[in-house]
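Undergrad: What follows is a structure written as structure tokens; I'll ask about it next.
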Amino acid sequence: MPGAMIALARMNIPAIFVYGGTIKPGRYGDRDLTIVSAFEAVGEFSAHKIDQAELLEVERRACPGAGSCGGMYTANTMSSAIEAMGMSAPYSSTMAAVDSEKADSAAKSGEILVAAIRSGLTPRKIMTRNAFENAIAVVMAVGGSTNAVLHLLAIAHAAEVPLKLDDFEAIRQRVPVLCDLKPSGPYVTTQLHTAGGIPQVMKMLLKHGILHGGEMTITGKTIAENLAEVPDAPRKDQQVIHQWNDPVYAKGHLAIMRGNLATEGAVAKVTGIKHQEITGPARVFDREEDSLTAILAGKIQPGDVLVIRYEGPRGGPGMREMLAPTSAIIGAGLGDSVGLITDGRFSGGTYGLVVGHVAPEAQVGGLIALVHEGDSVTIDAKRQVLQLNVPHEEIARRRAAWKAPKPRYTRGVLAKYAAQVSSSSLGAVTD
């Protein structure tokens, strides 16, 4: 999806984004299931909280049909952001893949595109700086994926729109989380659609002076014109979209972290956790697989801070996704007592005291490469600090002794990617 948007921005010919649609929730007992439910069930099983029969039932029922992952995970986050930006048809970002309205919306998108061709409406007339600010505001309001930070930076780079990491933090300070969606909430994206979808969220933000209503959209109308018939407040007979004066969280949930471990920045999702600060011993892993093995074997204890490194844009290469270890932590009941930092990234289904996109990454000599097993590490989401608590002299000694490991790939497209890719703080772009 971000790749498609990058292409639209580069080509700059009339275009519309058409989303394939989200999956409907699975069901087991009295709870809705998504793909993340299966990953968390593995952690629950390993921690002896459920038996093999229940694990099997969750796995069987988690994905009942076609569509993207059902919570406000990365795909649904990006579809919502793209709709907020004005590059897709209203309401299209939260429709179920298998419902007839999705086919109707796709056909309508074709009509909208023909009109855009006739009028000469091109993507860069829509994908302005204000449009990106609208997209970020909606991502914050719906409790979206950390990956939106990477993807929107990269799309803006392709569109030649100035956008930087700190812009996300500035918008976070003024946008509340309005939607109580998975992974940290109970509801799924099809339920958001029934409650009013992204247009309802956008209308609330517009009414309270957060959205730029004058921005053009692919429909040929402005944001404000598209939202003219949408109620100012959501219906009171639903709990998915909270009323403005009763938000899920008062501020946005994607916090930009700084400190000696992330001098270029890092991204934390700070919703769904009881404790927003931890200082504990580092448990260091140079591969995602090794960390998962330790978690499932019960070797991670409350108070530990996992450090998963050499998984960044160059080290991975490609910023591998830490859904398996983070879900195993939640499943094992450690979500409120264990921290995790990585130069890789996360699934949109991740939550807990976790910090990703740590930059500079280990492969280029970022401080995360110099963390030793047992070092004291602090994650403080309230102060937005990510810190290695080791004396400067010791850090200097370790840096003098450090050598970059050999690249995991020396030929082919992954080797070329690793040689070209920029820091995650810039969107991990390759040009």
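The values are calculated or read from the model by the stated rules, or taken from the named source; none is laboratory data. What you see is a predicted model, and the numbers here were worked out from it, not measured in a lab. For neighbour counting, all protein chains shown are included, and Cβ atoms are generated from backbone atoms with ideal geometry for every residue, glycine included. For the accessible areas, the whole protein counts, side chains as well, though only heavy atoms, and no ligand, DNA or RNA atoms are used. Shrake-Rupley method; radii C 1.70, N 1.55, O 1.52, S 1.80 Å.
Undergrad: Being open to solvent by less than 50 Å² (accessible area, probe 1.4 Å), farther than 20 Å from G196 by Cβ and among the acidic types (D, E) is the requirement here; does E288 meet it?
TA: Details: open to solvent by less than 50 Å² (accessible area, probe 1.4 Å): yes; farther than 20 Å from G196 by Cβ: yes; among the acidic types (D, E): yes.
Taking the combined requirement at face value, the residue satisfies it.
Undergrad: Which pairs do you get when a residue that is in a loop (DSSP other than H, G, I, E, B), found in segment 156-172, comes within reach of a residue that is open to solvent by less than 30 Å² (accessible area, probe 1.4 Å), reach meaning Cβ atoms under 7 angstrom, with the pair 6+ apart or on two chains?
TA: Pairs that qualify, where the first residue is in a loop (DSSP other than H, G, I, E, B) and the partner is open to solvent by less than 30 Å² (accessible area, probe 1.4 Å), are V161/M127; V161/F132; L163/F132; L163/L152; L163/L153; L163/A156.
Undergrad: If you scan segment 20-38, which residues turn out to be in contact with a strand residue (DSSP E or B) (Cβ under 8 Å, 6 or more places away or on another chain) and either assigned to a helix (DSSP H, G or I) or of a type outside the set (G, A, S) (or both)?
TA: The first filter runs over segment 20-38 and keeps only residues in contact with a strand residue (DSSP E or B) (Cβ under 8 Å, 6 or more places away or on another chain), leaving 20-27, 32-34, 37.
Within segment 20-38, T22, I23, K24, P25, R27, D32, L33, T34, S37 qualify.
Residue by residue, here is whether (1) open to solvent by 40 Å² or more (accessible area, probe 1.4 Å); (2) touching a helix residue (DSSP H, G or I) at 6+ places or on another chain (Cβ under 9 Å) holds:
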| position | (1), (2) |
| --- | --- |
| A362 | no, yes |
| G365 | no, yes |
| G374 | yes, no |
| I379 | no, no |
| E393 | yes, no |
| W402 | yes, yes |
| K406 | yes, no |
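Undergrad: Spot the failing condition for I82; the list is (1) buried (at least 24 other Cβ atoms within 10 Å of the Cβ); (2) in contact with a strand residue (DSSP E or B) (Cβ under 8 Å, 6 or more places away or on another chain), and only one is missed.
TA: Going through the list (1) buried (at least 24 other Cβ atoms within 10 Å of the Cβ); (2) in contact with a strand residue (DSSP E or B) (Cβ under 8 Å, 6 or more places away or on another chain), I82 breaks only (2).
Undergrad: Okay, next question. For segment 169-216, enumerate the residues that are within 17 Å of D237 (Cβ to Cβ) and open to solvent by 30 Å² or more (accessible area, probe 1.4 Å).
TA: Result: D180, P186, Y187, Q191, H193, T194.
Undergrad: Taking the criterion of being of a type in the set (S, T, Y) and either within 22 Å of H157 (Cα to Cα) or without any contact (Cβ under 8 Å) to a residue 12 or more places away in the chain (or both), would at least one residue in segment 397-418 satisfy it?
TA: yes
Undergrad: While we're on this one: Looking for something under 28 Å from the mean Cα position of the chain (by Cα), more than 19 Å from P360 (Cα to Cα) and assigned to a loop (DSSP other than H, G, I, E, B) - is there at least one such residue anywhere in segment 382-404?
TA: yes
Undergrad: How do the pairs read when you match residues in segment 113-129 that are without any contact (Cβ under 8 Å) to a residue 24 or more places away in the chain with residues anywhere that are open to solvent by less than 50 Å² (accessible area, probe 1.4 Å) and not hydroxyl-bearing (S, T, Y), using Cβ under 8 Å and keeping only pairs 6 or more apart or on different chains?
TA: No pair meets every condition.
Undergrad: Also, I was wondering about something else. Would you call S105 in a helix (DSSP H, G or I) and under 11 Å from T22 (Cα atoms)?
TA: No; evaluated as a whole, the condition is false for this residue.
Undergrad: Out of L211, L261, which single residue is hydrophobic (A, V, I, L, M, F, W, C) and farther than 30 Å from S337 by Cα?
TA: When all the criteria are applied, what remains is L211.
Undergrad: Could you figure out which of (1) at pLDDT 90 or above; (2) under 22 Å from G70 (Cα atoms) isn't true of L340?
TA: Against the list (1) at pLDDT 90 or above; (2) under 22 Å from G70 (Cα atoms), L340 comes up short only on (2).
Undergrad: Among the numbered criteria (1) surrounded by fewer than 19 Cβ atoms within 10 Å (Cβ to Cβ); (2) outside any helix (DSSP H, G or I); (3) of a type in the set (A, V, I, L, M, F, W, C), which single criterion is violated by L56?
TA: (2)
Undergrad: How many residues are over 24 Å from the mean Cα position of the chain (by Cα) and among the polar types (S, T, N, Q) when one looks only at segment 59-116?
TA: So the answer is 3.
Undergrad: Collect the residues in segment 312-358 that are among the charged types (D, E, K, R), in a loop (DSSP other than H, G, I, E, B) and open to solvent by 10 Å² or more (accessible area, probe 1.4 Å), keeping them in residue-number order.
TA: Start the filter on segment 312-358 by keeping residues that are among the charged types (D, E, K, R), which leaves 314, 320-321, 336, 343, 345.
In the following step, the residues that additionally are in a loop (DSSP other than H, G, I, E, B) were identified as 314, 320, 336, 343.
Those that are among the charged types (D, E, K, R), in a loop (DSSP other than H, G, I, E, B) and open to solvent by 10 Å² or more (accessible area, probe 1.4 Å): R314, R320, D336.
Undergrad: Give me the residue from segment 149-160 that is over 11 Å from F346 (Cβ atoms) and within 13 Å of the chain's Cα centre (by Cα) and, out of that set, most open to solvent (accessible area, probe 1.4 Å).
TA: Of the residues in segment 149-160, the ones over 11 Å from F346 (Cβ atoms) are 151-160.
Those still in the list that are within 13 Å of the chain's Cα centre (by Cα) too: 151-153.
Numbers: H151: 44, L152: 2, L153: 7 Å².
If we take residues in segment 149-160 being over 11 Å from F346 (Cβ atoms) and within 13 Å of the chain's Cα centre (by Cα), then H151 is most open to solvent (accessible area, probe 1.4 Å).
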